[in-house]
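Read-outs: derived from the displayed coordinates by stated rules, not from any lab. None of these values were measured; they are calculated from a predicted model. Methodologically, a virtual Cβ is constructed for each residue, glycine included, from the backbone with ideal geometry; neighbour enumeration extends over all protein chains shown.
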Amino acid sequence: MKSISRFVVIDDDPVNNALCKMVIKMAVGKIDIKTFTLPEKGFEYIETEYSKNGNESTSVILLDLNMPLMSGWEFLERFDSLDEIIKKQLEIYILSSSVDPRDKARAGANKNVADYIVKPLTKEIILEISEEGRG
Amino acid sequence: MKIHFPPLQEKQVSGEKDFENFLNFLPDAVVAVKPDGRIILVNNQTEKIFGYGREELLGQTLEILLPESYRLIHGIHRSTYFKYPRVRGMGTGLELFGRKKDGSEFPVEISLSPFETDDGAIAISTIRDISDRKRAEEKQRKAQQKIEELLNFTPDAIVVINKKGEIVFVNNQSEKLFEYRKQELIGSTLGILLPQRFRNIHNEHQLDYFQSPVANIIGTSSMLQMPELDDDERQIMIRGLHSSIKQLDEIIRDLNNILQVRNEISEKKEKVFLPELLNEVKDDLVNLIKRENARITSSFDEVSEIFTLKSYLYGIFYNLISNSIKYGRPGITPLIDIKTKNENSKIILYFSDNGMGIDLSKQKNQLFGLYKKFHPQAEGKGMGLFMTKIQTEVLGGRIRIESEVNKGTEVIIEFDSY
């Protein structure tokens, strides 16, 4: 059982984000959850929040793919250029409604992506993530 | 004419009357015939459906209720039936028709039951008017056809698969893109389309726009079944559920609009007086205009009327104006100016606003895509420009956009003037 200290949800759809908050709470109880409807803001948050201290615990990012202004793919590209100190504190899960196998393949090929989750998020998935890590 | 029915169990004396009453309550026409085909009993519904009075039917053969074309053959069937009576439907798998007194024909379903009476065998025939059902089926068939037309109409290849991953529908573009014929694709699995060389050709996520509200509906509704939710959480989930359903509804409406584009082409062109058209659009957008406190100015001095399809031009005005308001800059009164010009035998319409603008360098090639939206917060699903482009092109016009982020957007539409 690894220790997860926070969930960061990045999705332009506020309904999904509200749902994620509730599902996570139901799965693991009280935990810090940050949600962003603007991926840009989510990225800024990660950049500043995780550069200061090399934390032992992991934060999980749930990242949507299909977003205007900055897509999940662009987010991943920029994430890759971040400092290792930041990256090693974070685990990215794609959370998308796309069932397109090419999206899955592309996500699977990205070394910063832990797994691909098809919406909607469920309690069971969160439990899997927090127990061993999926996949 | 008098027939004796087998006595009913409880009220023997009034049994016959009860039976007739009972028949009259049935939703279907009920007709009893003798082996020679003569009608000996009809219920009220028969009179209603076929338009004959009872007296006109009694004593006639059943064939009076059928179209002439199969009166003879039915006579033969009837004789056979009395030899081997059993409960059955008639013409299973065939389209049967009834014929009214006025000669009109309508689709029916007929079932036959043999019946022994004191006077010998009779057959009771139940005739159901299935016009409504046929109409509904026809409607559904047309709706399906419309969807297929739409799918053929979109610029992307669309492949519909069933749960097993087998292809059940492909549009025309799929044939072109994948160089397979439809017949080859239907029934095969999606894998056939996924070799390396086809990757990246088709990277739009049209279906995502259905899938995300549906995923939200699944997610929120299953949360609502959790007993441990408190009232606030329940409210949040109900709101989420509601807004996802609304979103899905809007997408379906939008699709319907696209479909109408095709069907309205037969509509007549007429002189459209632009100031009047603008007023109609403003009336329909009155809530949005009030809410955002938008101001719309116009000058139609150079061209005040266009000979065109009114509903399309209306659609163009409606979409562009509502876009300009929806994508206004927060805190700044939306100003929209519409003007017309007549240049080199061209009618040019300018729609300019002071809204958020679009970064054309980034998004130019996606500008008119179906379900492209450039501003995450604004309502709508990015249908407007796609529809506007289609409508403009159907009218023989061209559309282009100039825009600068945080300054505004100008949409320019050109028509040849005749």
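Taking H as built 1.01 Å from N, whose amide H comes closer than 5 Å to the amide H of A:I33, not counting residues under 5 places away?
The list, which skips near neighbours in sequence, is A:F7.
Calculate one ³J(HN,Hα) per residue across the stretch A:102-116 by plugging θ = phi - 60° into the Karplus curve 6.51 cos²θ - 1.76 cosθ + 1.60, and present them in order as whole Hz with x for glycine and proline.
Listing the rounded values in order: 5, 5, 4, 4, 5, 5, x, 7, 8, 5, 8, 9, 7, 6, 10 Hz.
Taking the Cβ of each residue in B:S403, B:S131 as the centre, tally the other Cβ atoms inside 10 Å and list the residues starting with the fewest.
Ascending Cβ contact count within 10 Å gives the list B:S131, B:S403.
If you take every residue apart from B:R398 with its C-beta less than 11 Å away from the C-beta of B:R398, what net charge results, scoring Lys and Arg +1 and Asp and Glu -1?
Once all neighbours under 11 Å are counted, the net charge is 0.
If you take the charge dipole of the stretch B:266-319 about its Cα centre, with +1 on Lys and Arg Cβ and -1 on Asp and Glu Cβ, which of B:N287, B:V272, B:V303 is farthest toward its positive end?
It is B:N287.
Within the stretch A:96-135, list the GluC sites (Glu not before Pro) lying in a DSSP loop whose Cβ has at most 13 other Cβ atoms in a 10 Å radius.
A:E132
Could you list, bin by bin from short to long, the percent of Cα-Cα pairs of chain A in 10 Å steps?
Reading upward from the zero bin: 12, 48, 37, 3.
Suppose R0 equals 51 Å. What FRET efficiency, 1/(1 + (r/R0)^6) with r the Cβ-Cβ distance, do B:I412 and B:N21 give to the nearest 0.05?
Calculated transfer efficiency: 0.10.
Amide H to amide H under 5 Å from B:L96: which residues, 5+ apart in sequence or cross-chain, H placed 1.01 Å off N in plane?
B:V108
Can you list which of the GluC sites (Glu not before Pro) found in the stretch A:1-91 are DSSP loop residues with at most 11 other C-beta atoms within 10 Å?
Loop-located and lightly packed - A:E56.
Treat every Asp and Glu Cβ in the stretch A:1-50 as -1 and every Lys and Arg Cβ as +1, leave all other atoms uncharged, and give the resulting dipole magnitude about the Cα centre to the nearest 20 debye.
420
Work out the length of the dipole vector of the stretch B:269-323 about its Cα centre, built from +1 on the beta-carbon of each Lys and Arg and -1 on the beta-carbon of each Asp and Glu, and round it to the nearest 20 debye.
Using only the charged Cβ atoms, the result is roughly 200 debye.
Residues with amide H under 5 Å of B:Q60's amide H, sequence separation 5 or more or different chain, H placed in the peptide plane at 1.01 Å from N; which?
B:I39
Could you let me know the centre-to-centre spacing of the stretch B:309-337 and the stretch B:101-131, using Cα atoms, in angstrom?
After rounding, the separation between the Cα centres reads 61 Å.
For the stretch B:99-139, state the semi-axes of the equivalent ellipsoid (square roots of 5 times the eigenvalues of the alpha-carbon gyration tensor), sorted largest first and rounded to whole angstrom.
Gyration-tensor ellipsoid for the stretch B:99-139: 30, 13, 5 Å.
Given a cut-off of under 8 Å on Cα pairs at least six residues apart, what relative contact order in percent is computed for chain A?
In percent, rounded to a whole number, it is 29.
Which whole-Hz couplings ³J(HN,Hα) result when phi for each residue of the stretch B:296-307 is put into the Karplus expression 6.51 cos²θ - 1.76 cosθ + 1.60, θ = phi - 60°, listed in order with x for Gly and Pro?
Karplus-based 3J(HN,Hα) across the stretch B:296-307 equals 10, 10, 8, 9, 10, 5, 6, 9, 10, 9, 10, 8 Hz.
Looking at the stretch A:19-86, which trypsin sites (Lys or Arg not before Pro) are in a loop (DSSP not H, G, I, E or B) and have at most 13 other Cβ atoms within 10 Å?
In loop regions of the stretch A:19-86 (DSSP not H, G, I, E or B), the sparsely surrounded trypsin sites (Lys or Arg not before Pro) are A:K30.
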